[in-house]
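Read the structure below first, then the notes.
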Amino acid sequence: MNKKILLVEDDFSVVEFLKKGLDEANFEVSVALNGNSAISMASESSFDLIILDIMLPDKNGIEVCRILRSQGIKTPILFLTALGTSENIALGLNTGADDYLVKPFKFIELYARINALLRRTSYTDNHSDEKVKNTFIISDLVIDDDAKTVMRGEQKISLTATEYRLLLVLMKNKGRVLSRIDILESAWDINFNMGTNVVDVYINYLRKKIDGDFENKLIHTVVGMGYVLKEK
């Protein structure tokens with residue numbers, strides 16, 4: 001069965017370009033031209049992926065993503081954005097999006113991002129009923145990867161899907177210094193433009209939640225090299 005994609009984009013030339021490529025790649029594509037239509041369509045129908053432009057005429061993509069996630073819709077979301085600054089990218093990811101692509105882009109790059117997201121989703125679905133307990137612990141930080149929960153002492157830490165993946169990458173490599181390239185490739189399954197400092201911005205989001213209220217800091221910066229999850 002062909003995978004179903006909801007394309008949310010108000011630029012007709014971009015819609016035509018993307019729909020042609022996605023149709024040829026055997027995806028079943030539905031199009032929403034504004035944010036309100038996207039919310040209605042995503043709420044009423046099931047999609048395997050949502051491609052969501054940030055700049056929309058009514059509700060912008062950030063608002064749409066936030067609303068969909070608040071409704072419990074977990075469909076992977078790939079942002080398209082002309083706003084390529086790290087702060088804008090981090091804001092989008094922090095609302096619950098799974099990936100982003102900065103305009104202009106080549107279709108082959110979009111296709112690679114789509115396949116990476118669909119592979120990740122397929123793996124999660126195929127392993128959701130496994131009974132093996134996957135628990136990772138450092139100090140008083142505990143990740144239950146089966147239940148997808150994070151505890152720091154007695155406090156439950158609420159993370160977005162992207163923050164969770166970043167933390168899990170750090171946890172699985174605890175004690176090991178990870179470069180920005182290591183983190184990007186592990187957390188997003190794709191090589192990113194290394195001219196961006198989105199890792200630094202995004203680690204700060206994660207650090208506020210994991211370390212903010214605790215004396216024992218676990219996420220450490222190794223200047224000029226990257227980040228490491230370790231006890232003091």
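Brief remarks follow.
- Pair list, Cβ < 6 Å and 6+ apart or interchain, from the stretch 54-72 residues that are within 13 Å of T95 (Cβ to Cβ) to residues that are acidic (D, E): G61/D53
- Taken over the stretch 154-196, the residue count meeting the criterion of being part of a loop (DSSP other than H, G, I, E, B), loosely packed, with under 15 Cβ neighbours inside 10 Å and modelled with pLDDT under 90 is 5.
- Pairing residues of the stretch 203-232 that are among the small types (G, A, S) with residues that are surrounded by fewer than 17 Cβ atoms within 10 Å (Cβ to Cβ), at Cβ distances under 6 Å and at least 6 apart in sequence or on separate chains, gives G226/V177; G226/S179.
- Residue tally, condition modelled with pLDDT of 85 or more and open to solvent by less than 40 Å² (accessible area, probe 1.4 Å), over the stretch 51-97: 18
- Only one of the listed residues (E9, E24) is under 20 Å from Y111 (Cα atoms), open to solvent by 60 Å² or more (accessible area, probe 1.4 Å), at pLDDT 90 or above and not polar (S, T, N, Q). That residue is E24.
- Condition check for V14 on (1) at pLDDT 90 or above; (2) buried (at least 18 other Cβ atoms within 10 Å of the Cβ): one failure, at (2).
The values are calculated or read from the model by the stated rules, or taken from the named source; none is laboratory data. Because the structure is a prediction, the values reported are computed rather than measured. Glycine also receives a Cβ, built like all others from the backbone with ideal geometry; neighbour counts cover every protein chain displayed. Just so you know, the surface numbers come from the protein's heavy atoms only, side chains and all, with ligands and any DNA or RNA stripped out. Shrake-Rupley method; radii C 1.70, N 1.55, O 1.52, S 1.80 Å.
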